[in-house]
Amino acid sequence: MDALSLREKMKQNWAGRLVLLAASKAYGLGVWFNRTCYENGWKRVESVNSRVVCIGNITAGGTGKTTAVLLAATALAKEGVRVSIVSRGYKRQQAGKDEVTILFDNPDADWRLAGDEPYMMSRVLSQYKVPIVIGRHRAAAANEALRRFKSQIVLLDDGLQHHRLKRDANIILIDAKNPFGGGHLLPLGNLREPLSALQRGTLFVLTHCDQVSPRTLEDIKDTIRQYNDTAEILESVHQPEYYFDVCKAEKVDLKAVTGAAACFSALGHPETFENTLKNLGLELKQVWRFPDHQVYTEETLRTFEQTRGGLPLITTFKDFVKFPDHWRDILTGQVYVLSVNLKIRGGEEEFNKFTDALYPKFSKMRGGI
């Protein structure tokens, strides 16, 4: 039984809920103490000679953070800004806690040394030559980005709870479907920090806005404004772009895949991926869900192949990069990765608010200066 299933089972009785509540209180105390240590100078905050923008969230998983980092990096790179991404590399393999891994123009790199999400981002951003520096010590990783690539801006991936590296702006993502983690800290709820952390936001981006009502969006904004009445709040949706046929290594139009299909994923909120496929008109006959960051084995892929019944098999890019080396010997036929990007609602004016939070010079650059 995975951790999420265990938590849901514990919530079904008062004793389990009491244990989870006690654990949440202990977790909250740890969060408060860590933050207090940095605020009072008991722990050192490090600065780097570059603009640092954090893209993070206050809840665990599923907000669409990775697509936001990709959108930010792409927007900056297209304007000729030297941008790097710094990431912890969750669950990566490493020789030591201070080891730094760099993904830059090296498509044959082992994803295990970087983590699945950083590796996926490096593949998506390869055409823009955006380096991704992975390390537990984010300040050291940022300095390495400056030394190696002369970065003008460092995007701190999922770093809102990382206080050691000083940042110039915090872009906080809020999942409109579950904005505040059930109102409780981990593990009873999904909050990584109390809602007072919203005070640190420079800009808020609500994600999955097409999956909730306008009234719900307004309620979320009202809650944010109780803690932060100065930051802009933008709305966004995750927009499917195309399917990528991994066996043929070619793009496939969304309309070309119809009818019944099978899918699998290892995501924070797999239902979002599945609902996207349903909204594209697919009838999901077989669905496999795995814990977030699941590593796939040849045995698992054989199970997919043997039970999918010849149906198109669809997954995400994050899952695809974790296929075992000999996956081509196992999977055949229609095997697709769904490509999805983050779109800011409201047209150019709203998108400009997003880019200006990343890099205030964007306004002048758009004016031709």
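Structural remarks
- Residue match in the range 171-184 (condition: in contact with a strand residue (DSSP E or B) (Cβ under 7 Å, 6 or more places away or on another chain) and over 23 Å from residue 345 (Cα atoms)): yes
- The residue list 260, 256 contains one member that is without any contact (Cβ under 8 Å) to a residue 24 or more places away in the chain and surrounded by fewer than 18 Cβ atoms within 10 Å (Cβ to Cβ), which is 256.
- Candidate set from the range 110-138 (those that are aromatic (Phe, Trp, Tyr) and crowded, with 20+ Cβ neighbours inside 10 Å); member that is modelled with the highest pLDDT: 119
- Checked against (1) touching a helix residue (DSSP H, G or I) at 6+ places or on another chain (Cβ under 9 Å); (2) without any contact (Cβ under 8 Å) to a residue 12 or more places away in the chain, residue 164 meets all criteria but (2).
- Residues within the range 33-86 that are farther than 25 Å from residue 319 by Cβ, in contact with a helix residue (DSSP H, G or I) (Cβ under 7 Å, 6 or more places away or on another chain) and not small (Gly, Ala, Ser), tallied: 12
- Residue 73 vs. criteria modelled with pLDDT of 95 or more, surrounded by 18 or more Cβ atoms within 10 Å (Cβ to Cβ) and not basic (Lys, Arg): yes
- Residues of the range 85-109 that are buried (at least 21 other Cβ atoms within 10 Å of the Cβ), touching a Leu at 6+ places or on another chain (Cβ under 7 Å) and not hydrophobic (A, V, I, L, M, F, W, C): 92, 101.
Here is a yes/no grid of residues against (1) surrounded by 21 or more Cβ atoms within 10 Å (Cβ to Cβ); (2) at pLDDT 95 or above; (3) part of a loop (DSSP other than H, G, I, E, B):
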site	(1), (2), (3)
173	yes, yes, no
178	no, no, yes
182	no, no, no
197	yes, yes, no
205	yes, yes, no
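- The helices (runs of 4 or more DSSP H) found wholly in the range 270-369 and carrying at least 1 residues that are over 20 Å from residue 173 (Cα atoms) occupy 270-279, 298-307, 317-320, 362-366.
- Filtering 24, 5 for residues that are at pLDDT below 95 and either in a loop (DSSP other than H, G, I, E, B) or over 30 Å from residue 343 (Cβ atoms) (or both) leaves a single hit, 5.
- Matching entry among 86, 52, 31 (being out of contact with any strand residue (DSSP E or B) (no Cβ under 6 Å at 6 or more places or on another chain) and of a type in the set (Val, Ile, Thr)): 31
- All of 68, 60 fail the test of being closer than 11 Å to residue 158 by Cα, surrounded by fewer than 21 Cβ atoms within 10 Å (Cβ to Cβ) and out of contact with any Phe, Trp or Tyr (no Cβ under 8 Å at 6 or more places or on another chain), apart from 60.
- In the set 309, 347, 333, only one residue is exposed (fewer than 15 other Cβ atoms within 10 Å of the Cβ) and over 21 Å from residue 273 (Cβ atoms); that residue is 347.
The values are calculated or read from the model by the stated rules, or taken from the named source; none is laboratory data. Because the structure is a prediction, the values reported are computed rather than measured. Positions of Cβ are backbone-derived with ideal geometry, glycine not excepted, and every protein chain shown enters the neighbour counts.
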